[in-house]
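Everything below concerns the one structure shown next.
The values are calculated or read from the model by the stated rules, or taken from the named source; none is laboratory data. Note that this is a predicted model, so its numbers are computed, not measured. Cβ sites come from the backbone with ideal geometry, for glycine too, and all protein chains shown count toward neighbours.
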Amino acid sequence: MLDARAGDVVELRTGLSSIDPAAAANVREAELGARIDRHTANTAAPRTGASVPAGPTNLALAFGRADRAWEGTTWDASLRLWAEAGAVTPRFTLARKTRVPSLIERFSWLPTEASGGLADGNIYVGDVNLKPEAAWIAEAGVDWQGETAYARPVVYYRRIDDFIQGVPFDSTPGVINSPVEMVSAGSGDPTPLRFANTDAEIWGADVAFGARLAGPLRVDGVASWVQGKRRDLADNLYRMAPANGRIALTWEAPSWSVSAEAQGTAAQHRVSASNSEVRTPGYVLASLYSHWIVREGLRVDAGVENLFDKRYVEHLAGYNRITGSDVALGARLPGAGRSAFVRLRWAFD
């Protein structure tokens, strides 16, 4: 297989600030960037041996007769604006970003569980005619830094044309009436998916925050919420992370610290019906972390994660494909149980 890219980048940055000393903190800056890429992709015709069954052999022959060469041009651009106004820095971004199909998404002619990292147990095939994704992005946020606290909220919206996602192979899922479905059914999945261009939109919000409470005691946290929809049909996007957050209470001395952390993840009920996505429950985990600077250049870190050994599953986790294990075949892989670590860092010149 061949996947090549050549591109050029242009970037311009400028800023304005007041000559009035009383307003010297009011600095306005802008950054404009653009990129153009030329892509080529191709693969040789597959070869099969005499012992390969007729189904896969016929798929290989059909793929070998197809026009597998692709070339195209993509362009990306971004405009970032921000203004430093004392303790507050508002930020605004407009961008266009593209993504070309991966080799698996474009050239996987044999129905297999190769999914480019999804590990969801589904069988996929590619499409040599896939178009690149193009995302139009708008993002707004503000950085606030006080004497004893900070907050960095941001909201964003992404409208994605030709979003690449697995969809039912044809208009009659479950009815085995094509060579691909016949081969897939022989592997145990009569409802294969194919990578296809769809239309989508994603919106959400993130925030990082923290405050010094009293003396060496401080609190820090992050939270994220995102939602996605298909624009070409009434369905949720597949594999969207549920709302989640972390908050940590830390006692920080000059040479050591102890931190108690709670991680919360909401249940995910906004799942993709067209991909038969399964809902997942929410969970809360507790962890402890510490560090000790023994001397200059020598540091010890230690921690216990999932302190109460809670059993949970992450919504984006893969699925078990092995029989005879503690996890049922086809079930989501559970999250890590209680674990402890000690790490030594030694820096020397």
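Observations on the model:
- The C-beta contact set for segment 22-35 (first residue surrounded by 15 or more Cβ atoms within 10 Å (Cβ to Cβ), second residue among the aromatic types (Phe, Trp, Tyr) and modelled with pLDDT of 95 or more, distance under 9 angstrom, 6+ apart or interchain) comprises Ala34/Trp75; Arg35/Trp75.
- Of all residues in segment 70-91, those satisfying the criterion of being in contact with a Ser or Thr (Cβ under 8 Å, 6 or more places away or on another chain) and not small (Gly, Ala, Ser) are Trp70, Glu71, Thr74, Trp75, Asp76, Leu79, Arg80, Leu81, Trp82.
- Checking Arg212, Arg218 one by one, the residue that is of a type outside the set (Gly, Ala, Ser), over 30 Å from Ile104 (Cα atoms) and in contact (Cβ under 8 Å) with a residue 60 or more places away in the chain is Arg212 and no other.
- Note on segment 44-59: among residues that are touching a helix residue (DSSP H, G or I) at 6+ places or on another chain (Cβ under 8 Å) and assigned to a helix (DSSP H, G or I), the one that is surrounded by the most Cβ atoms within 10 Å (Cβ to Cβ) is Leu59.
- Test result for Glu296, under 26 Å from the mean Cα position of the chain (by Cα) and either more than 23 Å from Phe209 (Cα to Cα) or modelled with pLDDT under 95 (or both): no
- Segment 12-43, subset in a strand (DSSP E or B) and among the hydroxyl-bearing types (Ser, Thr, Tyr), residue modelled with the highest pLDDT: Thr40
- Residue within segment 292-311 that is over 21 Å from Val342 (Cα atoms) and surrounded by 17 or more Cβ atoms within 10 Å (Cβ to Cβ) present: no
- Exclusive hit being surrounded by fewer than 19 Cβ atoms within 10 Å (Cβ to Cβ), part of a loop (DSSP other than H, G, I, E, B) and out of contact with any Phe, Trp or Tyr (no Cβ under 6 Å at 6 or more places or on another chain), set Ala62, Ala114, Ala77: Ala114
- Number of the exception - Thr93 against (1) at pLDDT 95 or above; (2) of a type in the set (Val, Ile, Thr); (3) surrounded by fewer than 17 Cβ atoms within 10 Å (Cβ to Cβ): (3)
- Residues in segment 304-319 that are more than 25 Å from the chain's Cα centre (by Cα) and either at positive phi or without any contact (Cβ under 8 Å) to a residue 24 or more places away in the chain (or both): Asp309 alone.
- Listed by first and then second residue, the pairs linking a residue in segment 320-349 that is loosely packed, with under 10 Cβ neighbours inside 10 Å and at pLDDT 90 or above to a residue that is among the small types (Gly, Ala, Ser) and part of a strand (DSSP E or B), with Cβ atoms under 9 Å apart and 6 or more places separating them unless they lie on different chains, are Val342/Ala302; Val342/Gly303.
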